[in-house]
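Read the structure below first, then the notes.
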Amino acid sequence: MVLDTVRRLIAPLTRTRLFRRIGPVLLPPVERVLARLSGGRVQLSGLLVPSLVLHTVGARSGEPRDTFLMYTPDGEGRAIVAGTSFAQERHPAWTYNLMAHPDAAITVRGRRLAVRATRIPDDARDAAWARIERQWPGYRGYERDSGRTVRLFLLQPVRAD
């Protein structure tokens, strides 16, 4: 109840031009410092919404890449992630990485899991956005404001054989 109220108060602030300008510059370094200090167990964004670190392989470079993201549980042990990139005009690099290399990993509260990423198909996008917006009201506004169709991915844990 308290968390939902805080989310509803803070969510509109995250849709302002100022936040969209400073968020991509300020938040990633803060997240990296917190992750280093906490051994990956604490994320700033995780104080309000479920958050993870996505570990991908660069689409062109082949180098390891880490990205701090909000995720939405889908209720079946999977995670939905949205490539909103603070409503910027371009898709975030991590979405290209997942399309080139769908086998990735995530770290949630210090626990690393192997995952396979699949794009959420067009006919399932509205349902995915509805689930996301129950968690963070107005989040789909980033898609509208960016002028592009945001890439949505489902991250499915995979078993190590």
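When residues in segment 133-161 are screened for being at pLDDT 95 or above and within 13 Å of the chain's Cα centre (by Cα), 6 of them pass. Among the conditions (1) modelled with pLDDT of 95 or more; (2) over 24 Å from residue 33 (Cβ atoms), the only one that residue 73 does not satisfy is (1). Test residue 86 against the stated conditions and say whether it is under 24 Å from residue 13 (Cα atoms), part of a helix (DSSP H, G or I) and either of a type in the set (Lys, Arg) or open to solvent by 40 Å² or more (accessible area, probe 1.4 Å) (or both). So residue 86 passes the test.
Would you check which residues across segment 66-77 are in contact (Cβ under 8 Å) with a residue 60 or more places away in the chain and either outside any loop (DSSP other than H, G, I, E, B) or closer than 16 Å to residue 130 by Cα (or both) and list them?
Taking segment 66-77 first, the residues in contact (Cβ under 8 Å) with a residue 60 or more places away in the chain are 70-72, 74, 77.
Residues satisfying the conditions are 70, 71, 72, 74.
Among the residues making up segment 107-131, a single one is part of a helix (DSSP H, G or I), in contact (Cβ under 8 Å) with a residue 24 or more places away in the chain and surrounded by fewer than 16 Cβ atoms within 10 Å (Cβ to Cβ): 131. Would you call residue 112 over 14 Å from residue 79 (Cα atoms) and modelled with pLDDT under 95? Against the criterion (over 14 Å from residue 79 (Cα atoms) and modelled with pLDDT under 95), residue 112 does not qualify.
Table: residues versus (1) in contact (Cβ under 8 Å) with a residue 60 or more places away in the chain; (2) surrounded by fewer than 17 Cβ atoms within 10 Å (Cβ to Cβ).
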{"position": "17", "(1), (2)": "no, yes"}
{"position": "20", "(1), (2)": "yes, no"}
{"position": "26", "(1), (2)": "no, yes"}
{"position": "29", "(1), (2)": "no, yes"}
{"position": "32", "(1), (2)": "no, yes"}
{"position": "39", "(1), (2)": "yes, yes"}
{"position": "64", "(1), (2)": "no, yes"}
{"position": "82", "(1), (2)": "yes, no"}
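Checked against (1) more than 10 Å from the chain's Cα centre (by Cα); (2) under 18 Å from residue 136 (Cβ atoms), residue 68 passes all but a single condition, namely (1).
The values are calculated or read from the model by the stated rules, or taken from the named source; none is laboratory data. Since we're looking at a predicted model, the values are computed, not measured. With ideal geometry, Cβ positions are generated from the backbone for all residues, glycine too; neighbour counts draw on all protein chains shown. Side chains are part of the model used for accessible areas, which takes the heavy atoms of the whole protein and leaves out ligands, DNA and RNA. Shrake-Rupley method; radii C 1.70, N 1.55, O 1.52, S 1.80 Å.
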